[in-house]
Structures are given as C-alpha cells and as structure tokens.
Amino acid sequence: MSRFLSDHVADLTPYTPGEQAVIPNLLKLNTNEHPYGPSPRALAAIQAATTDSLRLYPDYSALALRTAIAKLHGLQADQVFLGNGSDEVLAHVFDGLLQHGKRPLLMPDITYSFYRTYCKMYDIQPELVPLAEDFSIRVADYTVPRGVQPAGIIFANPNAPTGLALSLADIEAIARANPDIPVVVDEAYVDFGAESASALLGRYDNLVVIHTLSKSRALAGLRVGFALASKAIVDGLIRVKDSFNSYPLDSLAQAGALASIQDEDYFQTSCKAVIDARTGLGQELAKMGFNVLPSAANFVFVRHPDHDAATIAADLRKHGILVRHFTVARIEQFLRITVGTPDDCARLCNTLKTVLAK
Ligand SMILES: *Cc1c(COP(=O)(O)O)cnc(C)c1O
C-alpha cells in the first residue's frame, strides 16, 4: 500500500464485487445480472442519443427520467433522487442521512456487505442484528425502543444474499416504530417477488426506498439507481450530490433508463420469465438434495448437507459456471446462484449432477 494514502483510506475495507471473468463458454450466475437483456426500446434510445449533442453536458436534474419514475410509483418528480447506480445513491444516503460518529446503524448480520463498507467510509457504527435461525429478519428486533437512538436502520428487501422478503405490513411496523430516524429499504430485487415500500411514502417521512435498474431492468452496464423519499430528504441528497458530482447520469444513461422505464410490457414479461425459471430451478436443486431458501429475488440461496459449498463453486468454475460463495460466518456453506434462462438452469443442473457425483 502506498505510504501516500490518507489514514482514512488506508483503513477502508472496500467491497469485493463478483468476478467478471473472461472464460470461454462462460455461464455467469454470480452477480445477479438479468439473463434476457434490456428492453430493445432502451437500446434504440441509447443509439438515438448517440449524436453530436454529446458535446453538451446532460440535464443535471434528469427531469424527464425522474418524472417517469415518479409516475410509475405514484409520486412526484421531486421525490426521486438519481445516482450512477444504486451503490452511489446508497453512498449519498450514508453520507447525508445517517449521523456519523457513535450512534449505531442497525442492519441484519447477513445482508448486502456494501453497507459495512460505507460505514467505514463515513465513520458510522454498524450494529449487526442477527437474523433468525431461518434467516428471516425479526421485525421485533427493530421495533423495540433502545436506550441510545440509532443513527438509522438499513436492510435489503428481499434481503441479499438470502432472497427472503418481508411483507409490506412488517416494513410499515418498522417505519412506524422509528419515526425520528431514517429507515432505508434497499429494493434491488423487489420486482422479482416482493412489494415495494414506495406505497408507504405518503405516510412515513422517515422512509427511504432504493431501487436499481441493474437487476430487473437488465441495465447493470448503464449504471442507474434511484431513491424514493420525501421531497425534503431528496433535497438533502441533492445537496450531497451537488457537492460531489452534479452530473452523475450521462445523457445516454438518461435516455436508456427513460425508455426502459416506459416499456412496462417488456419489463413485466422478462421478469416473469425469470420468476418462472426460479421455480423450476428450485425444484431441480431440491431433488439433488439442496436446501433451497424461499426466494423472492432473481437468485436462489442454497446449501447441500453433504457437499462443501466452496468446493462446489470451484468445481463449477472448472466447467465455466460462476456462482457466488461468501466466506462469511453463518453462510459459508451456502451458494448464491443467479436465475438464468431455462437453458442456463438446465446447464447448471446437469453440471451440478456431475460435480456432486465425483
Ligand atoms: C446489486 C445491488 C445493489 C447495487 O446495484 P447498482 O445499482 O448496480 O449499484 C444494491 N443493493 C443490493 C442489495 C444489490 O444486490
């Protein structure tokens, strides 16, 4: 490590993204990308925006896109905050909405590991609340009053990497019990089988709902994410953005994201195809002896009672199939497997049969 790094940066623990490997005949089931690709209308819009006008700065307020997203969720455009991927939106939420210093930020012990990276980055203290034995979030853990007021609450719904979802009533209970702190719900996978807490925004001004176009809209390469919240919170996030990068979304991203948001038919059809494939994949894996957690996401979280997870992942890799294995307490015997097309699932299952038989 360079001796020129600031103490703060030398101390960070950066997030490790899933591998983007270059392997012949690769089947990538490790980063929850959508197997069907973006809406053709999004691709056409990006092409149409690829003109001489790229010499100009993009619309820094991205008003057309914010208006379309607001309409989809029954909100106003000034309740939508956009970022260069939802990871960037999350970074601004941590910086702008969660008190830095001593007050704890409550989050599940098993959840998206980027939250802890941001805690380090912004000097926020994470307090890891253990999931129940069955990996569900225990709502009561977040609704009882505490001696010290937390800095906030954050969790993913459906949770990652478990795939388990809370009901809207449970999320409402958490928001209602914590009126004076931000409750952040990361809905990266919500379109694959859970209900969006955006429906609660009219009643709870402490709620912040985060979405991404990377998963259900198949636009991970375009880098677009957003937060839905009260106008006051969005104004606060814009203060952070405009102190960091006023133009987080380039013109092509704005054009492609807008066309994607407006193509409801393609969105519904392609998500339904993944949901159907998930059902079939879960059944096949169960037949092979895997325990399969009930998933509301575009991945399954599984373990085999007789086979080591890291070994299975390494063996699959030799066959050109990548899945995600986390060396994290409680889940080191689990694999997170992205749901692909029915052909992808069949290749995975056939290869798994070979791997488990060896
Ligand atoms: C993929 C993912 C994100 C990040 O999405 P980007 O918009 O691609 O940055 C955020 N939260 C969770 C839980 C995710 O799985």
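Only one of (1) closer than 26 Å to Q268 by Cα; (2) without any contact (Cβ under 8 Å) to a residue 40 or more places away in the chain; (3) within 16 Å of the ligand (Cβ to nearest atom) fails for A91. Which number is that?
(1)
Test L12 against the stated conditions and say whether it is at pLDDT 95 or above and over 24 Å from I275 (Cβ atoms).
So L12 does not fit the description; no.
Given the conditions (1) hydroxyl-bearing (S, T, Y); (2) farther than 20 Å from Q333 by Cα; (3) outside the structural domain of N159 (by TED's automatic domain parsing), which single one is not true for S295?
It fails just one condition, (2).
Given the condition away from the ligand (no atom under 16 Å from the Cβ), in the same structural domain as Q99 (by TED's automatic domain parsing), under 27 Å from F299 (Cα atoms) and out of contact with any Pro (no Cβ under 7 Å at 6 or more places or on another chain), answer yes or no: does some residue in region 143-157 qualify?
No, that holds for no residue.
Enumerate the pairs (first residue in region 200-220 and under 18 Å from E264 (Cα atoms) and assigned by TED's automatic domain parsing to the domain that holds I154; second residue anywhere and within 13 Å of the ligand (Cβ to nearest atom) and part of a strand (DSSP E or B)) with beta-carbon separation below 6 Å, excluding pairs fewer than 6 apart on the same chain, so at least 6 apart or on different chains.
Going by the 6 Å Cβ cut-off, the qualifying pairs are H211/F226; T212/G225.
Would you please name the residue that is nearest to the ligand (Cβ to nearest atom), looking only at residues in region 1-32 that are open to solvent by 60 Å² or more (accessible area, probe 1.4 Å) and within 19 Å of F326 (Cβ to Cβ)?
P17
Looking at region 102-142, which of the residues that are in a loop (DSSP other than H, G, I, E, B) and either closer than 25 Å to S6 by Cα or assigned by TED's automatic domain parsing to the domain that holds H325 (or both) is farthest from the chain's Cα centre (by Cα)?
Of everything passing the filter in region 102-142, K102 is farthest from the chain's Cα centre (by Cα).
So how many residues does region 127-169 have that are under 21 Å from K215 (Cβ atoms) and not small (G, A, S)?
12
Quick test for you: out of G96, G101, pick the one residue that is open to solvent by 20 Å² or more (accessible area, probe 1.4 Å) and more than 16 Å from the ligand (Cβ to nearest atom).
Of the residues listed, the single one that is open to solvent by 20 Å² or more (accessible area, probe 1.4 Å) and more than 16 Å from the ligand (Cβ to nearest atom) is G96.
Taking region 300-358, which residues are under 21 Å from H34 (Cβ atoms), open to solvent by 70 Å² or more (accessible area, probe 1.4 Å) and of a type in the set (S, T, Y)?
Within region 300-358, none qualify.
Report, by residue number, each residue of region 77-93 that is open to solvent by 20 Å² or more (accessible area, probe 1.4 Å) and among the polar types (S, T, N, Q).
Of everything in region 77-93, those that are open to solvent by 20 Å² or more (accessible area, probe 1.4 Å) and among the polar types (S, T, N, Q) turn out to be Q79, N84.
Here is a list of conditions, (1) among the polar types (S, T, N, Q); (2) buried (at least 16 other Cβ atoms within 10 Å of the Cβ); (3) away from the ligand (no atom under 12 Å from the Cβ), and S61 meets all of them except one; can you say which number that is?
(2)
The values are calculated or read from the model by the stated rules, or taken from the named source; none is laboratory data. Owing to the predicted nature of the structure, the values given are computational and were not obtained by experimental measurement. Ideal geometry is used to build each Cβ from the backbone, glycine not excepted, and the neighbour counts take in all protein chains shown. Just the protein is used for accessible areas: all its heavy atoms, side chains included, with ligands, DNA and RNA removed. Shrake-Rupley method; radii C 1.70, N 1.55, O 1.52, S 1.80 Å.
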